[in-house]
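Below is one structure, written out as C-alpha cells; the observations come after it.
The values are calculated or read from the model by the stated rules, or taken from the named source; none is laboratory data. Everything numeric here is computed off the predicted structure, so don't read it as measured data. Note that we place each Cβ from the backbone using ideal geometry, even for glycine, and neighbour counts take in every protein chain shown.
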Amino acid sequence: MDDIDAIAVLQDPVRRRLYEYVAAQGREVGRNEAAEAAGVTRTLAAHHLDRLTEAGLLDSGSRRLTGRTGPGAGRPAKVYTRARTERSVSLPARDYRTAAELLAEAAEQAGLDVPLREAARRRGESLRGSAAPCGSLDEAKEMLAARGYEPHEEEAEGAPRVVRMRNCPFHDVAERFPPLVCGMNLALLEGLFGADGPVAARMDARPGECCVVVEDSKNKDD
C-alpha cells in the first residue's frame, strides 16, 4: 500500500483514535486495552486494528498477556505496536529527505559540527521568540509535543523527573549521521527552552527513542 492510501486509512475517527492510543504507549497493546481506550467494543477494535496493520501503520504479534506459562495459561493474545516505517505525503512531490542527507553528508565531511549546532541553537531561540525561558517540565512537554517529539516521563520511584521522547523528528537522517544530527537536535532544544532557565536538555541516547532527554536544570548540575 502506498503512503497516501495508508494515511487515508486514518480518516475513520475510531481507527484514528486506536492508532493514536497504540502509538502513544510505546509498548505492545492488546485488543481489550485498545477497545477500552477508544470506547468501542473489542470486536470493532479488532477489525480496525487489523486494518491498520494491513495498511502498514501498526505491527502485530502475539503473546500471553497474563504472564502465565504452561497448561492452563490460555491462548496468546494479539498485540499491536506502531510500525517503524515512516509514511509521508507531499503534493506536488518533494524530496526533502535526500536534500537533508546530502547536506548532512557534506557538513560531516567538512567538519561543520560546531557551525551547525550554533545555527540550530539560533533556530531554537527564533522559535521561542520573545517568550521567557521555558518555566517547567510540564511546559517543556507541551512544547515538545507541539513539535512532534511525543514526550513521556520516565517512571522511576524516588528518582528526579526526566522527560524522554518516543519520536525523533530527524530520525532517518540521525540514523545515518548520529553525532552530527543528535548534536544539532540538542542545540535546537537548548535554544528552544532558553539558557539559564529551570529546564535543561542533555544527551542520553536510548534505542528506539530520541537521543535527548529533558529534566530540571538543577538535576543536570548535580
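Couple of notes before you dig in:
Residue-by-condition table, conditions (1) under 22 Å from GLY183 (Cβ atoms); (2) in contact with an Asp or Glu (Cβ under 9 Å, 6 or more places away or on another chain):
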position: SER88; (1), (2): no, yes
position: ALA106; (1), (2): yes, no
position: PRO115; (1), (2): yes, no
position: GLY135; (1), (2): no, no
position: PRO160; (1), (2): no, yes
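- Among the residues of the range 124-141, none qualifies, meaning not one is under 17 Å from ALA24 (Cα atoms), charged (D, E, K, R) and in a strand (DSSP E or B).
- Residue satisfying all of: in the range 4-46; aliphatic (A, V, I, L, M) and not in a helix (DSSP H, G or I); surrounded by the fewest Cβ atoms within 10 Å (Cβ to Cβ) among these: VAL40
- So TYR80, is it touching a helix residue (DSSP H, G or I) at 6+ places or on another chain (Cβ under 7 Å), part of a strand (DSSP E or B) and within 23 Å of ARG206 (Cα to Cα): yes
- Hits in the range 172-207 - residues which are out of contact with any strand residue (DSSP E or B) (no Cβ under 7 Å at 6 or more places or on another chain) and free of Cβ contacts under 8 Å to residues at least 40 places away in the same chain: ALA174, GLU175, PRO178, ALA205, PRO207
Here is a yes/no grid of residues against (1) part of a loop (DSSP other than H, G, I, E, B); (2) at pLDDT below 95; (3) farther than 22 Å from GLU86 by Cβ:
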residue: LEU144; (1), (2), (3): no, no, no
residue: CYS182; (1), (2), (3): no, no, no
residue: ALA187; (1), (2), (3): no, no, yes
residue: ARG206; (1), (2), (3): yes, yes, no
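- Qualifying position, being exposed (fewer than 15 other Cβ atoms within 10 Å of the Cβ) and closer than 25 Å to LEU189 by Cα, among ALA99, ALA93: ALA99
- Residue under evaluation ALA146, criteria (1) farther than 23 Å from PRO179 by Cα; (2) touching a residue at least 40 places away in the same chain (Cβ under 8 Å); (3) of a type outside the set (Asp, Glu), criterion not met: (2)
- GLY135, sole failed condition from (1) surrounded by 14 or more Cβ atoms within 10 Å (Cβ to Cβ); (2) within 22 Å of the chain's Cα centre (by Cα): (2)
- In the range 151-171, the residues that are farther than 14 Å from SER136 by Cα form Cβ pairs under 9 Å with partners that are at pLDDT 95 or above and hydroxyl-bearing (Ser, Thr, Tyr), at six or more places apart or across chains, as follows: MET165/TYR149; ARG166/TYR149; ASN167/TYR149; CYS168/TYR149; PRO169/TYR149.
- ASN219 falls short of the stated requirement of being farther than 20 Å from ALA24 by Cβ, in contact with a Pro (Cβ under 9 Å, 6 or more places away or on another chain), at pLDDT 95 or above and of a type outside the set (Gly, Ala, Ser).
- Which listed residue, of GLU101, GLU175, GLU139, is in contact with a Lys or Arg (Cβ under 9 Å, 6 or more places away or on another chain) and in the same structural domain as VAL213 (by TED's automatic domain parsing): GLU101
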